[in-house]
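Below is one structure, written out as structure tokens; comments come after it.
The values are calculated or read from the model by the stated rules, or taken from the named source; none is laboratory data. Keep in mind that this is a model prediction, so the values were computed, not measured. Neighbour counts run over all protein chains shown; Cβ positions are idealised from the backbone, glycine included. What goes into the accessible areas is simple: the full protein's heavy atoms, side chains included, and nothing from ligands, DNA or RNA. Shrake-Rupley method; radii C 1.70, N 1.55, O 1.52, S 1.80 Å.
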Amino acid sequence: MSTDAATAAETVDGVDRDRLARALTAANLPTLVAVLYQLTGDRTWLTDPYRPTRSRGMDNNDTGGFDDAVADRIRAAALDAICAFHEGTPMAVPSPDSEHLVEMISVAVGEQVPPEFGVMVAEDMGFTAPDTSVAAPNDLSVIVIGAGVSGMLAAIKLHEAGISHTVLEKNSDVGGGWFENTYPGAGVDTPSHLYSYSFAPRAWSTHFGKRDEVWQYLSDVASEHDLRQRIRFDTEVATAEYDAQRQGWTVTTVDGEMLTADVVITATGQLNRPKVPHIPGLESFDGPIFHTANWPADLDLTDKRVAIVGTGASAMQVLPAIASTVGHATVFQRSPQWVSSSDVYFTEMGDDANYLMDVVPLYRLWYRTRLAWNFNDRVHSSLQVDPEWEHPQRSINPMNDAHRRVFTRYIERELEGRPDLIEKSLPDYPPFGKRMLLDNGWYAALKRDNVTLIADAVSSITANSVVAQNGSETEVDVVILATGFETHKLLTPIEVRGRSGESIRDIWGPEDAHAYLGITVPDFPNFFITCGPGTVLGHGGSYITIAECQVRYIVDVLIDMVDKRIGAIECKADVEAEYVRKHDEAHAKMIWSHGGMDNWYRNDAGRVVSTLPWRIVDYWEMTRRADLDDFVMEPRRGEAR
Ligand code: NAP
């Protein structure tokens, strides 16, 4: 039995039947069907009328499309099965194999899931034993740069593998972007049960956690794993240089302190350095003017005239959060965005759903697995450009065109009665061409009397106004720059020099990062990148899943370094070149490279630098095991080969 399934048996002790019955009224029924089948082994639950409908878009589909009578039968049977399990009846299908699992997932999500998902899901759900390799006793030393989502994960997994490490963090606490971004409305737009480490579930208060709760989660994980004692806070790294003689790295902080380690892992993310646009007059503004990631703690926007520059994910959250406080908000929109919705976006989880997750861990696992299909790879196939498609301006294939119709209807419905806003808000590029957003009350905010949408870029800023490219001038007291991040300048501003002494930025060029698996670069031995080039998720899903793939791969390499007495390990140039070729080839057929597309995934030369061109399941497979044939290796100095 899996570890989590086994925990289920131990932790349901004391379950109260009436309490459970009440909790089941809040259950997501498609999830419950999968639980029911696994507990009872009765195939009836995988057949009609118990097969749920497919989720529409990002909706949770809690009712599964069942009528009341069927829903009641599912809940009643689940109550009996859970109580029986609690009383000692063994789970009928404790460790489904991958084929069986795919059948169950396909029923739970209401559509056929490709067979290759089975192995990944079996591991995520704990039905196959996780790899818990531990290095032999060793003196390998690692410096991790950054204590955000990836750096914390690296520290946890290095510790589990028995590899000593120090984390250097520029901030005064953990959390990275979640520590820094405190703007009103900040939160995830990936469901929190998916945007969690696979090994650290939480009783989330809402389906989409807001910033404080996400940060608290990360802080709690840090405490549970005693991470803070291995993190040096307020320690910003300036340079990292490889010393081939020593087979290791010298890391220098901005304060001039020098530290050495055999290995460096960067965990500095891609959304780390605010991008402040070069707008003429920006410095001359008299009032507060700041980037969303640098929100002033004591800012009072009551009755203020506020400009918001930008309409990406950050603006999407800021505007609805401040609209009722400000005197007037003017949004400067260079490009409109495609926006989706979720029926549970604003919904609290509630005590019942959390009770259910708590006493039936299997329910929690299935709940996450359904989300992982609905939010991860489901849309990937619809993002491939059909060269025969006759409407390449508006969409890239028939499915993408259907998405366009759905999202268009959504915008028209949300902005009903405001043809002026509909005209300004409908994008002229294909959906998914920029990162999709989840509606945080954006359109409702736009319709307010105290909000104005200017569908134009900003051309200049004066001491007390913002001037749009159409010449209109708006007097404001505060300017909020929701203008995104320096996503292409990976590792900036750290100066990283490899074996040849050349800087990684010179090797990459100013905005053209590339790395084998997004993780490792020739000429940079014993150096690993998390959230590296080509690994951000443009098609959806949780970045934490990708971070778990990367950290697992890196730790696998490090265990090999220890076990095989490797002193220096460096990606082969031809291996990286071939990977980059395939990466670019895959992107050339995808939406983000489509003619005229402008997004933060692509650099000025048009190459997609940021996003993963493959499905998550493909990347999971690619990073599952490190293949030492991909590397050039040297034995540890002073040790015979
Ligand atoms: P972004 O998506 O890069 O959006 C930046 C916005 O600023 C765009 O609308 C862009 O317009 C506009 N802009 C940039 N320079 C401009 C200029 N000179 N004049 C006028 N407009 C300008 O940045 P973001 O909203 O901070 O989001 C970045 C990423 O962070 C997201 O894609 C997401 O991955 C992550 N994020 C996630 C969440 C969440 O989970 N809910 C929240 C916030 C951020 P164009 O579109 O025309 O370039």
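Here is how the numbers come out for the structure above:
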read-out: Which numbered condition VAL174 fails, given (1) part of a loop (DSSP other than H, G, I, E, B); (2) in contact (Cβ under 8 Å) with a residue 60 or more places away in the chain; (3) touching a strand residue (DSSP E or B) at 6+ places or on another chain (Cβ under 9 Å); (4) surrounded by 17 or more Cβ atoms within 10 Å (Cβ to Cβ); value: (2)
read-out: Qualifying residue in the stretch 260-269 (condition: part of a helix (DSSP H, G or I), open to solvent by 10 Å² or more (accessible area, probe 1.4 Å), within 16 Å of the ligand (Cβ to nearest atom) and closer than 30 Å to GLY185 by Cα); value: no
read-out: Some residue of the stretch 63-74 being of a type outside the set (Gly, Ala, Ser), touching a helix residue (DSSP H, G or I) at 6+ places or on another chain (Cβ under 7 Å), closer than 30 Å to GLU116 by Cα and surrounded by fewer than 19 Cβ atoms within 10 Å (Cβ to Cβ); value: yes
read-out: Residue check for SER196: within 16 Å of the ligand (Cβ to nearest atom), in a loop (DSSP other than H, G, I, E, B) and touching a residue at least 12 places away in the same chain (Cβ under 8 Å); value: yes
read-out: Flag for ASP226 being of a type outside the set (A, V, I, L, M, F, W, C), away from the ligand (no atom under 15 Å from the Cβ) and out of contact with any helix residue (DSSP H, G or I) (no Cβ under 9 Å at 6 or more places or on another chain); value: no
read-out: Qualifying position, being over 30 Å from the mean Cα position of the chain (by Cα) and surrounded by fewer than 16 Cβ atoms within 10 Å (Cβ to Cβ), among ASP243, ASP226; value: ASP243
read-out: Residues satisfying the stated conditions in the stretch 324-340, i.e. assigned to a loop (DSSP other than H, G, I, E, B) and buried (at least 20 other Cβ atoms within 10 Å of the Cβ); value: VAL326, GLN333, GLN337, TRP338
read-out: Selection count, the stretch 290-323, where residues are open to solvent by 10 Å² or more (accessible area, probe 1.4 Å), more than 8 Å from the ligand (Cβ to nearest atom) and not small (Gly, Ala, Ser); value: 13
read-out: Enumeration of residues in the stretch 595-609 that are in a loop (DSSP other than H, G, I, E, B), among the β-branched types (Val, Ile, Thr) and in contact with a helix residue (DSSP H, G or I) (Cβ under 7 Å, 6 or more places away or on another chain); value: none
read-out: Given (1) within 16 Å of the ligand (Cβ to nearest atom); (2) within 18 Å of the chain's Cα centre (by Cα), index of the condition PHE346 fails; value: (2)
read-out: Checklist (1) within 16 Å of the ligand (Cβ to nearest atom); (2) of a type outside the set (A, V, I, L, M); (3) in a helix (DSSP H, G or I) applied to ASN374, failing item; value: (1)
read-out: Odd one out for ILE616, checked against (1) open to solvent by less than 20 Å² (accessible area, probe 1.4 Å); (2) closer than 24 Å to GLY509 by Cα; (3) within 16 Å of the ligand (Cβ to nearest atom); value: (2)
read-out: Counted residues, the stretch 180-189 - those being in contact with a helix residue (DSSP H, G or I) (Cβ under 6 Å, 6 or more places away or on another chain) and more than 8 Å from the ligand (Cβ to nearest atom); value: 4
read-out: Given (1) in contact with a Leu (Cβ under 9 Å, 6 or more places away or on another chain); (2) closer than 23 Å to TYR367 by Cα; (3) of a type outside the set (Val, Ile, Thr), number of the condition LEU153 does not satisfy; value: (1)
read-out: Residue that is of a type in the set (Phe, Trp, Tyr) and within 20 Å of VAL360 (Cα to Cα), where the choices are PHE85, PHE66; value: PHE85
